[in-house]
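Enquirer: Sending over a structure as structure tokens; questions will come in a sec.
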Amino acid sequence: MLGTLLSSTRLAARNLARQRRRTLLALATLCGGVVAYLLAGGFIQWILHDMRETTIHAQLGHIQITRPHYLSEGLSDPYNHLLPATDARTLIGGMAEIVTVTPRLAFGGLISKGDATVSFVGEGIAPRLEAPIARAINIVKGADLTESEPRSVLMGEGLAANLGTSPGDTVVLLVTTASGGVNAVELKVAGLFATTTKEYDDTVLRMPIDIARQLMRVGGATSWVILLDQTESTDRVVSVLQQTLPASEFEVIPWHALADFYNKTVELFSKQVGVVRLLIALIVILSISNTLSMTVVERTGEIGTSMALGVTRARVLLQFLCEGTLLGLVGGALGVALGHIVSEIISLMGIPMPPPPGMARGYTGAIRIPLSLTIDAFLLGFVTTLAASALPAWRASRLNIVDALRHQR
């Protein structure tokens, strides 16, 4: 059996080399499909990867620890779900994957400058502990809280535009405290920030957590935010923390459970990539099937002679399947190699993109091709070519010997 397979493979290679034009046309079609799939899928992968990292490093961190049911009940009553005002590291313990652990205090109120007053969503943060998490927050004007005096506030550029403030201005924050009273504080605008999410920039301001606690007359934090050395470690660290921290007192939440917009985007883009894969598969199958069908027609007399000399129908079927297999292997490999080269060139040049819905700024895109996408693209080329060769191979094996010998005579 192995000898038959090897001899069929060698003969298939000779037949493909003999029909160079038709083989090159089939390879060009196959390579074009694989390259197109790699570029389309690679661009989507880059968008999702960039969105994931931006979401983590601008807002969520990798893991958040809260009181149980904070997300479902605490958003309307956060001060009954406060974490203790202790160092979170002492409870979490030292794990090599953890880069930083920082407290956050969520609150809301009104902010005023002169006669202008707008509502805001506030985040009390520890600036230096927060700095590694906030690397995707761009300071468009002024300075970060780490470079400013303690009684300062950092505002989203949309919120600042609505209020008409600039760095150096003085604003007044008015809030309802945890006990139901009213409190106010006067702060200096240190700077304006921007993220990829316009809605966030239009409503959020950040200030030192000590000032936020004094303003709200509370201690502790509404959440502890953890940044890891790599995103892929998230689920494993979450599992360890869930075993370490008592479930009755703490809830450990991974970033992807909080990133609703990201999850919906992944679902949408996955469907789009699936449609692209299906279209490319149909094009490749139709093109390769047509090419191999023409080959069968041209070699009908040759096939009849072979069967008259004792070659079995199964051997003829195997012969054409081997040709399809070789086409798939060579075309898939060439397509993957060419796709990687083209993707590198495009990434170096950059892909200028306008601001998508919900974002304030455009960006320069690139192509990112992970190993999983490379394997998927190769299998797309190989499997579709093998499937396309099945029908022509079956037709060749079912030819009538006498009619095949009389072909074109």
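Here, each number is a calculation from the coordinates, and none is a lab measurement. No experiment lies behind these values; they were computed from the predicted model shown. In this analysis, Cβ positions are derived from the backbone assuming ideal geometry, glycine residues included, and neighbour counts consider all displayed protein chains.
Enquirer: What helices in the chain pass both tests, a Cα length along the helix axis of 27 Å or more and a mean Kyte hydropathy of -1.0 or higher, using whole DSSP H runs?
Expert: Helices meeting the span and hydropathy rule in the chain are 20-55, 260-298, 313-349, 371-397.
Enquirer: Quote the charge dipole size of the chain about the Cα centre in Debye, to the nearest 20; the model charges only the Cβ of Lys and Arg (+1) and of Asp and Glu (-1).
Expert: Roughly 2640 debye for the chain.
Enquirer: Something else now. With θ set to phi - 60° and the Karplus curve 6.51 cos²θ - 1.76 cosθ + 1.60, what are the ³J(HN,Hα) couplings of region 144-149 in order, to the nearest whole Hz, using x for Gly and Pro?
Expert: Working through the residues one at a time gives 6, 5, 5, 10, 10, 5 Hz.
Enquirer: Excluding same-chain residues fewer than 8 positions from Lys264, which lysines have a Cα within less than 22 Å of its Cα?
Expert: Here the lysines satisfying the reach criterion relative to Lys264 are Lys198.
Enquirer: Normalising by the residue count of region 68-249, find the relative contact order in percent from Cα pairs under 8 Å and 6+ residues apart.
Expert: Computed value for region 68-249: 32 percent relative contact order.
Enquirer: Taking only the alpha carbons of the chain, what extent do you get along each of the three principal axes, in Å, biggest first?
Expert: Principal extents (Cα only, largest first): 102, 45, 30 Å.
Enquirer: On to the next question. Go from 0 up to the bin containing the longest alpha carbon distance in region 208-347, width 5 Å each, and give me the % of pairs per bin.
Expert: 2, 6, 8, 10, 9, 9, 9, 7, 7, 6, 6, 5, 5, 4, 3, 2, 1, 1, 1, 0
Enquirer: How would you classify region 40-172 from its alpha-carbon gyration tensor, with a ≥ b ≥ c the square roots of the eigenvalues: rounded for a/c under 1.5, else prolate if a/b is greater than b/c, otherwise oblate?
Expert: Oblate.
Enquirer: At a temperature of 4 °C and a viscosity of 1.567 mPa s, determine how fast region 68-249 diffuses translationally according to Stokes-Einstein, using the Kirkwood radius over alpha-carbon pairs as Rh; express D in µm²/s, rounded to the nearest whole number.
Expert: 75
Enquirer: Right, next: Once you have all Cα-Cα distances for region 182-254, histogram them in 10 Å bins from zero and send the whole-percent values.
Expert: Reading upward from the zero bin: 13, 29, 35, 20, 2.
Enquirer: List the lysines whose Cα sits under 16 Å from the Cα of Lys188, skipping any in the same chain fewer than 8 residues away.
Expert: Here the lysines satisfying the reach criterion relative to Lys188 are Lys113, Lys141.
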